[in-house]
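Written out below as structure tokens is the structure these notes cover.
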Amino acid sequence: MPGICMSCYGYVASAKGCVVERFFRRLVDVILATKSAHTFALRMETLRAANLLLEHCPQAVRVHHHTDDDTTRMATLLKTCGDYEMQVALAEAIFRLTQRSERATGWFDSPELTRAFLRIRDADFEIDCRLFLNSLNQSMGSRRGVFSFPCKSIFIGDFQLRKPRDSAYVDYWVDFNTGSKSVGFFCEQSVAEEGEEEDVWETVVVKQHMVDNYSVRGACVSVLYVSGVYPSNSMLAECSLATLQAAPVKH
């Protein structure tokens with residue numbers, strides 16, 4: 001199902017509307033299924049596919065093919081999924097499915113979190129979403145599933161990854177995800193294309209099965225060393241390939 005929907009990226013709005021009418025209910029059922037029903041990877045890919053379908057889809061179709069219960073359950077999954085990338089994708093889906101007046105009604109535990117959610121702007125979605133999700137995750141206490149830390153620099157082997165070039169993206173965040181058992185972060189696109197008019201953020205994910213061992217060293221400044229099962233150059237190649245294949249999300 002996600003593969004079918006991913007092939008629809010770039011279709012005109014009317015065509016996307018037809019696909020949403022036919023398949024969107026099934027996508028939502030997979031996204032909101034229990035962890036035991038579907039793997040995390042399948043739910044994540046389904047969520048990506050749903051967001052691609054919803055982009056530029058006619059608003060009337062988007063409104064008609066979801067329920068208030070869907071968005072309420074997505075907001076709940078924001079707090080329980082334990083993966084930052086999935087949290088961002090869920091927030092994106094909620095924004096595409098709702099109008100401002102419908103958002104955050106009883107979804108979060110405090111007025112501060114509700115206000116932070118409503119401050120997310122389409123034009124600065126990644127930046128504002130980071131501020132909101134950091135606050136949300138910090139508020140979860142013992143139920144917290146995502147731990148985010150600012151870092152000075154990130155290297156894969158001898159290759160230094162670059163922080164996304166955005167003046168509002170002050171800190172270089174690394175997310176430790178207990179739900180997906182992974183470490184993730186954004187970086188500037190590894191392979192720059194000449195003539196690009198906008199920056200593309202690349203997502204790098206280090207999954208549990210890729211790690212051989214790790215250690216934390218240092219006193220004033222902590223340094224996390226991770227030894228991988230695979231050579232670092234193979235990971236770089238995988239990141240670059242993912243960048244070339246992935247279409248940037250526009251809000």
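The values are calculated or read from the model by the stated rules, or taken from the named source; none is laboratory data. This one's a predicted model, so the numbers in the text were calculated from it and none came from an experiment. Every residue, glycine among them, receives a Cβ derived from its backbone with ideal geometry; neighbour counts consider all protein chains shown. The area values use the complete protein model at the heavy-atom level, side chains included, leaving out ligands, DNA and RNA. Shrake-Rupley method; radii C 1.70, N 1.55, O 1.52, S 1.80 Å.
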TODO: At a 1.4 Å probe radius, which order do 69, 175 fall into by accessible area, largest first?
DONE: 69, 175
- [ ] Give, rounded to the nearest 20 debye, the magnitude of the charge dipole that the range 40-197 has about its Cα centre when Lys and Arg contribute +1 at Cβ and Asp and Glu contribute -1 at Cβ.
- [x] 640 debye
Open item on the list: Students sometimes get this wrong: rank 201, 107 by accessible area, probe 1.4 Å, all chains present, largest first.
Closed with: 201, 107
TODO: On the full set of protein chains, 1.4 Å probe, figure out the accessible area of residue 183 and give it in Å² to the nearest 10.
DONE: 40 Å²
Task: Per-pair calculated FRET efficiency, R0 = 22 Å: residue 217 and residue 41 via Cβ, rounded to 0.05 - done: 0.10
Task: the range 59-102: relative contact order in percent, alpha carbon pairs under 8 Å with at least 6 residues between - done: 44 percent
Task: Rounded accessible area per residue of the range 22-138, 1.4 Å, Å² - done: 45 Å²
Open item on the list: Assuming 0.36 nm per residue, please report the length gained on full extension of the stretch residue 166 to residue 140 beyond their Cα-Cα distance.
Closed with: 6.5 nm
Open item on the list: Tell me the carbon and sulfur percent of the accessible area for the range 17-87, rounded to whole percent, probe radius 1.4 Å.
Closed with: 57 percent
Open item on the list: Give me a comma-separated list of calculated 3J(HN,Hα) values for the range 91-105, in order, Karplus coefficients 6.51, -1.76, 1.60 applied at θ = phi - 60°, integers in Hz, x for any Gly or Pro.
Closed with: 4, 4, 4, 4, 5, 6, 8, 10, 9, 3, 5, 8, 8, 6, 6
Open item on the list: If I take R0 = 45 Å and measure r between the Cβ atoms of residue 181 and residue 105 in this structure, what FRET efficiency does the formula 1/(1 + (r/R0)^6) give, to the nearest 0.05?
Closed with: 0.85
Task: Accessible surface of residue 181 - all protein chains present, 1.4 Å probe, nearest 10 Å² - done: 110 Å²
- [ ] Let me know the shape class of the range 91-205, please: from the alpha-carbon gyration tensor, a ≥ b ≥ c as square roots of the eigenvalues, rounded when a/c is under 1.5, otherwise prolate if a/b is greater than b/c, or oblate.
- [x] oblate
